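The values are calculated or read from the model by the stated rules, or taken from the named source; none is laboratory data. All values reported here derive from a predicted model rather than from experimental measurement. Glycine also receives a Cβ, built like all others from the backbone with ideal geometry; neighbour counts cover every protein chain displayed. Note: accessible area is taken over every heavy atom of the protein model, side chains too, but ligands, DNA and RNA are not part of it. Shrake-Rupley method; radii C 1.70, N 1.55, O 1.52, S 1.80 Å.
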Amino acid sequence: MTIFQKIIDREIPADIVFEDDRVLAFRDIQPQAPTHILIIPKKPLVSVAQMDESDHEMVGYLMHRAGLIAKEQGLEDFRLVTNSGAGAGQSVFHLHVHILGGRPFHWPPG
Ligand code: 5GP
């Protein structure tokens, strides 16, 4: 079981900013920007690489909700990131999108 499943199950605490029946959003424990929120599906998908067609609507909803949360947090400009696989920087193997804002971001991300 991943740490994010434990957050969903309320086995460990998190600073939750949004929750409904499909997604949960909470502040990252090691923020990389003034605003750093993670939004995750309640369904335990590993990453976008494990999605199938039945996940299209839910992940579309998750992205829409990520944008709404960013705006609710007062962010005009923000970055959404999802890492897939350890080589890309994924460390928790439950799909999550980072919502980052409040400072300038550079490209390429490194
Ligand atoms: P990844 O590296 O997989 O893309 O991102 C995982 C993120 O989860 C990291 O930014 C890390 O700081 C965050 N994280 C890891 N464990 C916890 C935790 O127990 N609580 C919270 N809120 N964030 C966590």
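Can you return the aspartates and glutamates within cross-link range of K6? Criterion is Cα-Cα under 20 Å, with same-chain partners fewer than 8 residues away left out.
Excluding near neighbours in sequence, the set is D15, E19, D20, D21, D28.
Might you tell me the accessible area per residue for the stretch 3-101, computed with a 1.4 Å probe and given in Å²? Mind showing how you got there, number by number?
On the way: 5370 Å² over 99 residues.
For the stretch 3-101, the solvent-accessible area averages 54 Å² per residue.
When the accessible area of the chain is computed with all protein chains present and a 1.4 Å probe, what percentage of it is carbon and sulfur? Write out the running numbers ahead of the final one.
Details: 3490 of 6510 Å².
Answer for the chain is 54 percent, counting heavy atoms of protein chains only.
In nm, what is the difference between 0.36 nm times the number of residues separating R10 and M51 and their Cα-Cα distance? Each step should come with its number before you reach the end.
Details: separation 41, 0.36 × 41 = 14.76 nm, distance 2.49 nm.
Length difference between fully extended and current span is 12.3 nm.
Would you mind working out the magnitude of the charge dipole of the chain relative to its Cα centre, with +1 at each Lys and Arg C-beta and -1 at each Asp and Glu C-beta, to the nearest 20 Debye? Let's see the in-between values first.
Numbers: 10 positive and 14 negative charges, 58 e Å.
Dipole about the Cα centre, nearest 20: 280 debye.
I need the GluC sites (Glu not before Pro) found in the stretch 1-88, filtered to DSSP loop residues with at most 13 other beta carbons within 10 Å of theirs.
Details: sites: E11, E19, E53, E57, E72, E76; in loops: E11, E76.
Qualifying residues, ordered by number: E11, E76.
Calculate one ³J(HN,Hα) per residue across the stretch 90-96 by plugging θ = phi - 60° into the Karplus curve 6.51 cos²θ - 1.76 cosθ + 1.60, and present them in order as whole Hz with x for glycine and proline.
For the stretch 90-96, the Karplus curve yields 6, 10, 10, 8, 9, 2, 8 Hz.
How far apart, in nm, are two points set 7 Å out from the Cα along the Cα-to-Cβ line at Q73 and at T2?
1.8
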